[in-house]
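K.L.:
I have a structure I would like to understand better, so I am pasting it below and will then ask my questions one at a time.
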Amino acid sequence: MQKPIVSILTTVYNREKYLAACIESVLASDYSNWELIIVDDQSKDASVSIAQEYAAKDDRIQVHVNQENLGDYPNRNRAASYAKGTYLKYLDADDLLYPHGLGIMVNTMEAHPECALGISQEVAEDIKAYPFVMQPKESFYREFLKRGVLKLGPTGTIIRRDVFEKVGGFTGTRYIGDTELWYKLALSYPVVKMVPGLAYWRQHDDQEITKGHESFFYLENAFKHQLQTLQDENMPLEEDQRKQAIELVYRRFSRQILRLAKHGRWAKANNIRKSCKVSWSKILKSAAN
C-alpha cells in the first residue's frame, strides 16, 4: 500500500446510527489516495463492529479502540497520532464527504503549500473566486470585524499534519477546541478558503455543539477565548481595528447576557458575568452601543 497523501480521521462515540453512511461516503470519493483512521472512544453500541466490517474489506481503513474514554478533542489528537498522510482531514462519524470533496481539498492544499489550514464554508463576504488565500490579517479582520470566517467544525477543514504536530494539536478544551486551534494556526500561517459544499455537516440533538449551547459553555468560554486572542502579541490587526473588535466582542456578549437574564435565567447570567469578570455597568454600556 502506498503512503497516503491524506489521513481521514473519524472519531467515534455511540454513532452506530450514522457511521456506515460516513464510511460509505469516503469509499465513494473520487480521490483514492487516502487512509481512514477510525478511533472508537469506548462506544456502548455497535459502532466498533460496523467499523471493523468495513476494515476487513478495505486495507485503507484501520480501526482503533481506546482502552478508556478520552473525550472529544483528546480523541481527535489520538486519531492524529496514527496518521501517516501529509494532510489531516477530520470527518465526524455523523457527517459525510461528497464524492468530489476530498480531491478538491487535497489538490487545493497541494497548490498552496504555504497554508496550514484549508476551510470550506460559505460566508457572505466571499466575493473573490475560490480558492483564495487569506493572510493572518485578513483572516482576523473577517473573523472579528465581519461575519466571521473561522467558526466551523473540523469536518469543514483540512490541516497540514506537520503544522498540527508543531503546535501540539488540540488543547483538549471541550466544545471550543476547534476554534482554539483555527485561531492558533491563523495567527501564524495563511489560510486557504475553498469552495463550499465539500462535506455535509449533519445536525441533530446529540451533538457536542448542541450541548455546548444548552450549557452556555460557548457563551462564557468563547468570549474569554476571543478576548485572549485579540490581546495576543501576534495579533495582526491594526490597533484601531483591534479595539473595535474588542468592543464588538463585548457588545455581543453583553446582549446575550441581558437576553439570558430577561428570559428568567438571572442566576446563570450573573454567574457567567462574574466568571468573565465583566461588571453590570460594562454590560449595560456595551449592549447599548
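Nothing in this text is a laboratory measurement; each read-out follows from the coordinates by a stated rule. What you see is a predicted model; the values in this text were computed from it and never measured. Cβ sites come from the backbone with ideal geometry, for glycine too, and all protein chains shown count toward neighbours.
K.L.:
Based on C-alpha coordinates, I'd like the Rg and Dmax of region 1-158, in Å.
P.N.:
16.4, 49
K.L.:
Pull up the cross-link candidates among the lysines for LYS17, meaning alpha carbon to alpha carbon under 30 Å and not fewer than 8 places away within one chain.
P.N.:
Cα-Cα hits under 30 Å: LYS44, LYS57, LYS84, LYS89, LYS151, LYS211.
K.L.:
What's the FRET efficiency of LEU27 with ASP126 using the Cβ-Cβ distance as r and R₀ = 22 Å, to the nearest 0.05?
P.N.:
Values: r = 31 Å, r/R0 = 1.39.
Calculated transfer efficiency: 0.10.
K.L.:
Principal axes first, then extents: for the Cα atoms of region 92-206, list largest minus smallest coordinate on each axis, whole Å, largest first.
P.N.:
Cα extents, longest axis first: 35, 32, 29 Å.
K.L.:
So, one more: Among MET105, MET194, MET235, determine the one that fluctuates most according to a GNM of the chain built with springs between C-alpha atoms less than 10 Å apart.
P.N.:
MET235
K.L.:
As a quick test, which of the pairs LYS193/LYS274; LYS146/LYS166; LYS243/LYS277 have an alpha carbon distance above 26 angstrom in this structure?
P.N.:
LYS193/LYS274; LYS146/LYS166
K.L.:
Let me ask something else about it. Please give the calculated 222 nm ellipticity per residue for the chain, where each DSSP H segment of at least 4 residues contributes -39500 (n - 2.57) and the sum is spread over every residue; nearest 500 deg cm²/dmol?
P.N.:
Helix-only estimate at 222 nm: -14000 deg cm²/dmol.
K.L.:
Related question: Along the charge dipole of the chain, which of TYR54, VAL133, ALA28 sits closest to the positive end, that is, farthest toward it, with unit charges on the beta carbon of Lys, Arg, Asp and Glu (+1, +1, -1, -1)?
P.N.:
VAL133
K.L.:
Taking springs between alpha-carbon atoms closer than 10 angstrom, which of LYS274, LYS184, LYS128 fluctuates most in the Gaussian network model of the chain?
P.N.:
LYS128
K.L.:
Alpha carbons only, please: Rg and Dmax for region 51-111, in angstrom.
P.N.:
13.4, 40
K.L.:
Something else about it: Report Rg (one decimal) and Dmax (nearest whole number) for region 1-74, counting Cα atoms only, units Å.
P.N.:
Values for region 1-74 (Cα only, Rg and Dmax): 12.1, 35 Å.
K.L.:
Report, to two decimal places, the Cα Rg of the chain normalised by 2.2 N^0.38 Å (N = number of residues).
P.N.:
On the way: Rg = 19.9 Å, N = 289, 2.2 N^0.38 = 18.9 Å.
Rounded to two decimals, the normalised Rg is 1.05.
K.L.:
Could the peptides 86-98, 106-118 be put in order, highest first, of the mean number of other beta-carbon atoms found within 10 Å of their residues?
P.N.:
Output ranking for 86-98, 106-118: 86-98, 106-118.
K.L.:
Rounded to a whole number, what is D in µm²/s for region 148-289 from Stokes-Einstein with the Kirkwood radius over alpha-carbon pairs (25 °C, 0.890 mPa s)?
P.N.:
D = 145 µm²/s.
K.L.:
Calculate I(q)/I(0) for region 211-288 by the Debye formula, one identical point scatterer on each C-alpha and no solvent, and give its log10 at q = 0.11, 0.12, 0.14, 0.18 Å⁻¹ to two decimals.
P.N.:
Normalising to I(0) and taking log10 leaves -0.29, -0.34, -0.46, -0.73.
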